[in-house]
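Novice: This is the structure, below, for whatever I ask next.
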Amino acid sequence: MFAKPHSALIIVGHGSTVNADSSTPTYDHAAEITRRGIFGEVYCAFWKEEPSLRQVLHMVDADDIYVVPNFISEGYFTRTVIPRELELTGPVSQRDGRTIKYCEPVGNHPRMTELLVRRAAEIAPGVPPQKTSLLIVGHGTDLNDNSAVAAKREVERIAERGLYAEVLNAYMEEEPLISQWDEAATQPNVVVVPFFIADGLHSYEDIPVLLGIATESTGAASATQKEIFRRNPYRLRGRTLYYASAIGTEPLFADVILDQVTAFDATHANAALA
């Protein structure tokens, strides 16, 4: 475990104006890292919530600042929005006598594969993997292409481990569609893990409807709807289906955030000292 008592950590999430659950994992991971006492300061910032990206640097006292995007994939937000809003010039930026170190998004880290395998095993205890189809679900569509790329990468990595009979991608809005899961999966057991940072309308309403384990979405969150994750297993379409909450709610995400700080130091040590 490293210690950076004179440094600050900013964890950046997307946030939402309509879904309070969107920011919850980011705050949870920040609280865990704060509890460990690794950084002198730990903050969260969001694109769609307060504190905003433009506000957060004014909250920081430290002159050495790490920024870690809590995003599944690299894309428009990590390459354009966050650097623009924080006025970053590259991986290492000098501003007003302070050094800002921009780390890779959490979804890029190799440990994502480990977390997906862990989540799949947790929701289907005792279920033989050799008789199980594992489905990693993304949003899909051309508007969010990089998330699909990240999901495909994880499927390839998990498949290489040979743990499951098959590991497949599925999407909400492009082929192969999660609504056709029973046509794609060939095994008697099916484990579905949403490849999202937070539980929200997609994971506790939209995907369950597409899977056939819930009725039509009401468009609003409720405690009853969130029970969808605790009703496993579901028996339908001749299969036994297990449905997980979004991978970004995994508590070990806090470790991945710290791993991205370590990876940054290993890659950019000389630049940071320049």
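The values are calculated or read from the model by the stated rules, or taken from the named source; none is laboratory data. Note that the coordinates shown come from a computational prediction; the quantities given were computed from them, not determined experimentally. Glycine gets a Cβ as well: all are built from the backbone with ideal geometry, and neighbour counts include every protein chain shown. Ligands, DNA and RNA are excluded from the accessible area calculation, which covers all protein heavy atoms including side chains. Shrake-Rupley method; radii C 1.70, N 1.55, O 1.52, S 1.80 Å.
Novice: Go through region 56-83 residue by residue and tally those that are assigned to a loop (DSSP other than H, G, I, E, B) and of a type in the set (Ser, Thr, Tyr).
Specialist: Count: 1.
Novice: Looking at region 228-243, which of the residues that are assigned to a loop (DSSP other than H, G, I, E, B) and free of Cβ contacts under 8 Å to residues at least 60 places away in the same chain is surrounded by the fewest Cβ atoms within 10 Å (Cβ to Cβ)?
Specialist: Only one residue tops the list, namely Gly238.
Novice: Filter region 63-77 for residues that are at pLDDT 95 or above and either within 30 Å of Pro194 (Cα to Cα) or open to solvent by less than 10 Å² (accessible area, probe 1.4 Å) (or both) and give the result.
Specialist: Listed by number, the residues that qualify are Ile65, Tyr66, Val67, Val68, Pro69, Asn70.
Novice: If you take the residues of region 139-186 that are of a type in the set (Asp, Glu) and more than 15 Å from Leu210 (Cβ to Cβ), which of them is least open to solvent (accessible area, probe 1.4 Å)?
Specialist: Within region 139-186, the match that is least open to solvent (accessible area, probe 1.4 Å) is Glu154.
Novice: Follow-up. Only one residue in Ile213, Ile136 is hydrophobic (A, V, I, L, M, F, W, C), surrounded by fewer than 20 Cβ atoms within 10 Å (Cβ to Cβ) and either touching a Phe, Trp or Tyr at 6+ places or on another chain (Cβ under 8 Å) or not assigned by TED's automatic domain parsing to the domain that holds Leu241 (or both), so which one is that?
Specialist: Just a single option satisfies the conditions, and that option is Ile213.
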